[in-house]
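Every number here is computed from the coordinates shown, using simple stated rules; none is lab data. Since we're looking at a predicted model, the values are computed, not measured. Note that we place each Cβ from the backbone using ideal geometry, even for glycine, and neighbour counts take in every protein chain shown.
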Amino acid sequence: MCIKYSNKFAVIGHPIGHTMSPFIHEQLFSLSSKTSCSYQALDIPPQKLAASMPTLRQFRGFNVTIPHKQAILPLLDDCSLEAQAFGSVNTVLMQDGKAIGYTTDGIGCLKALEASGITPEGPCLLLGSGGAARAIAFALTTVCQQPDLTFAVREESLSKTRDLCASLSLYAKKLGKTGKYTAVSYQALESRTELKPAEKSFSLLLNCTSVGMFPHVDQCPVSPEVVACCGAVFDAVYNPHETRLLQTAQALGIPTVHGMAMLVWQAVAAQEIWNGSSFQASDIEALIENAAQEMSRRFQEGA
């Protein structure tokens, strides 16, 4: 039986008040002439996620952000091979009565790095081990010749992160690679005396946590000393556009990549899944700039 779905889409998360996803997806709908499609933000606390699924199944598709990227997995009917392997979902498609999960975070991150001329080879430092970190880590394992990833997490997350490292190691072996994966606490990272800026212990730092996100804009996940040991810095946080972490890196003359680029590129991948849409790279680069300007305008107006 063919099920006819609405042209409604959404993003779910908690908190979700300052999300830029509706603005970005509405622009993408316009670029692909899908003007009948609509997109909204739904604030769903963790304890209400399961109860919200019947409502979410009425949409044609929806995005998933913090803190639901892993929690939603058992609530879906099926997942792409990547989402199953990565253990994270940020995009859901309703098809033939089934909710199917996908992950586009990794694609978004890689596209953002590529557009900035940054190649993620050499030792990488990832902050966090949640849904975004998982997807990005698996994506890095896929594209890097010799994956070498260190995860810095809170002390209470070390056990879970070591399990993630084991999963990544198995995934690397399936790809015919020998990956190196390490889990350390933030305290251990900060106290590592061998971290010397001149040696650039990490080629790339990737912040996959929400530290520094609006309204806590004065927070930075690591010290300037750690930042100084990295060849480039990527921050998945897009609100504000210039996080404290990126400001710290820029003051040290280190190349940076903004979270808005990843947000837009992963949205592009989601639209490809939902509608089979395709876009010009120049249009996407312009959209990234427009989205950053729109976010700045909202801040200035107190939105």
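Once C-alpha pairs closer than 8 Å and six or more residues apart are averaged by separation and normalised to the residue number of the chain, the relative contact order reads 16 percent.
Using C-alpha pairs under 8 Å with a sequence gap of at least 6, the mean separation divided by the residue count of the stretch 119-254 gives a relative contact order of 24 percent.
Charging the Cβ of each Asp and Glu at -1 and of each Lys and Arg at +1, and nothing else, the dipole of the chain about its Cα centre rounds to 700 debye. Extents of the chain, largest first, come to 61, 45, 37 Å (Cα atoms, principal axes, whole angstrom). The order of the peptides 251-264, 7-20, 164-177 by mean Cβ neighbours within 10 Å, most packed first, is 251-264, 7-20, 164-177.
Mean projection of the Cα convex hull over all viewing directions, computed for the stretch 119-254: 7.8 nm². For the stretch 4-43, compute Rh as the Kirkwood radius over C-alpha pairs and then the Stokes-Einstein diffusion coefficient at 4 °C and 1.567 mPa s; write the answer in µm²/s, rounded to an integer. Diffusion coefficient, whole number: 122 µm²/s.
Close amide H partners of residue 180, meaning residues 5 or more places away or on another chain with modelled amide H under 5 Å apart, are 148, 149. With the cut-off at 20 Å, tell me which of the pairs 48/69; 69/160; 111/196; 98/160 have Cα atoms farther apart than that. In this structure, 111/196; 98/160 lie more than 20 Å apart at Cα.
The calculated Kirkwood hydrodynamic radius for the stretch 25-79 is 12.8 Å, given to one decimal from all distinct C-alpha pairs. Return the whole-Å distance between the Cα centroid of the stretch 159-209 and the Cα centroid of the stretch 91-131. About 17 Å separates the Cα centre of the stretch 159-209 from the one of the stretch 91-131.
In plain terms, the bigger the Kirkwood radius, the slower the diffusion; for the stretch 1-160, with that radius from Cα pairs, at 4 °C and 1.567 mPa s, Stokes-Einstein puts D at 76 µm²/s. Between 161, 55, 103, the Gaussian network model of the chain with springs among Cα atoms under 10 angstrom shows the greatest mean-square fluctuation at 55.
Kirkwood analysis of the Cα pair distances in the stretch 124-197 returns a hydrodynamic radius of 12.5 Å.
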